[in-house]
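Read the structure below first, then the notes.
The values are calculated or read from the model by the stated rules, or taken from the named source; none is laboratory data. Fair warning: this is a prediction, and the values are worked out from it, not measured in the lab. Cβ sites come from the backbone with ideal geometry, for glycine too, and all protein chains shown count toward neighbours. SASA here: full protein model, heavy atoms, side chains in, ligands and nucleic acids out. Shrake-Rupley method; radii C 1.70, N 1.55, O 1.52, S 1.80 Å.
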Amino acid sequence: MVDVLADSVGDPERFVHPIFQLRPGEDSGSDTLGLYRYQAEVAAQACLAMLTENVIDYVVCEWHEDFVIAFTNGEVELVSVKHSSRTQWTLADLCKDGGIAHLFDRWTACGRADNVRLRLTTNAPLSPAKDNASTLARMCGPDPELTTGRDAMAKSLSQHLLKVRWKQPYELVTGS
């Protein structure tokens, strides 16, 4: 047994536990932590905004989505954070794997309330192809950058969401 403290007394730079000199057999936890780190960074931005913006009441992590922002006016925003190393998200990918269908499901579970907003945040680029993911992003938010073609985008988005739903149907809920 090595007494690390006794060996490093008087020399704080020498304090290295022997376990850190042995490489782990596998380290998938680091990769997973990297995914959650991005999520924590996005949630931290909302928490820090509470210091300067008196419209945010509180932030709750891992409730319905990755986190929920509760506003002082009674509105809430369900936020899904998608860390991705993909080259870009297409509209179809955003619906299926990117969380849009899941966000829609969470909003439905909340009774489709008018005071519930949805937000998807990702670190991956959005497809710049015509009428694709970047177009949708430009149409979203309180002050959309792009307003022409909304009906076509709504139709395309609906079709993608329906495709996801056909492959992953809702659980049937029966009353007793």
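The single residue among R86, R106, R14 that is of a type outside the set (G, A, S), within 30 Å of M153 (Cα to Cα), open to solvent by 50 Å² or more (accessible area, probe 1.4 Å) and at pLDDT below 75 turns out to be R86. Count of the range 141-150 residues, restricted to those that are open to solvent by 40 Å² or more (accessible area, probe 1.4 Å) and either in a helix (DSSP H, G or I) or of a type in the set (A, V, I, L, M, F, W, C) (or both), is 1. Remark: pairs (first residue in the range 53-64, acidic (D, E); second residue exposed (fewer than 13 other Cβ atoms within 10 Å of the Cβ) and assigned to a loop (DSSP other than H, G, I, E, B); Cβ separation under 6 Å; 6+ apart in sequence or on different chains) = D57/T72.
Looking only at the range 54-66, residues that are farther than 13 Å from R117 by Cβ and buried (at least 19 other Cβ atoms within 10 Å of the Cβ) come to 2 in all.
If you go through the range 114-124 and keep only what is open to solvent by 30 Å² or more (accessible area, probe 1.4 Å), in a loop (DSSP other than H, G, I, E, B) and out of contact with any helix residue (DSSP H, G or I) (no Cβ under 8 Å at 6 or more places or on another chain), you end up with D114, N115.
Just to be sure, is A92 open to solvent by less than 80 Å² (accessible area, probe 1.4 Å), assigned to a helix (DSSP H, G or I) and in contact (Cβ under 8 Å) with a residue 12 or more places away in the chain?
Details: open to solvent by less than 80 Å² (accessible area, probe 1.4 Å): yes; assigned to a helix (DSSP H, G or I): yes; in contact (Cβ under 8 Å) with a residue 12 or more places away in the chain: yes.
So A92 passes the test.
Residue-level check: of (1) open to solvent by less than 100 Å² (accessible area, probe 1.4 Å); (2) out of contact with any His (no Cβ under 7 Å at 6 or more places or on another chain); (3) assigned to a helix (DSSP H, G or I); (4) of a type in the set (D, E, K, R), D131 misses just (3). The one condition from (1) over 27 Å from G34 (Cβ atoms); (2) touching a residue at least 24 places away in the same chain (Cβ under 8 Å); (3) part of a helix (DSSP H, G or I); (4) not hydroxyl-bearing (S, T, Y) that R138 does not meet is (2).
Within the range 53-64, can one find any residue that is closer than 21 Å to L161 by Cα and either assigned to a helix (DSSP H, G or I) or at pLDDT 80 or above (or both)? Working first, answer last.
Of the residues in the range 53-64, the ones closer than 21 Å to L161 by Cα are 64.
Applying the additional criterion that residues be either assigned to a helix (DSSP H, G or I) or at pLDDT 80 or above (or both) yields 64.
Yes, the range 53-64 has at least one match.
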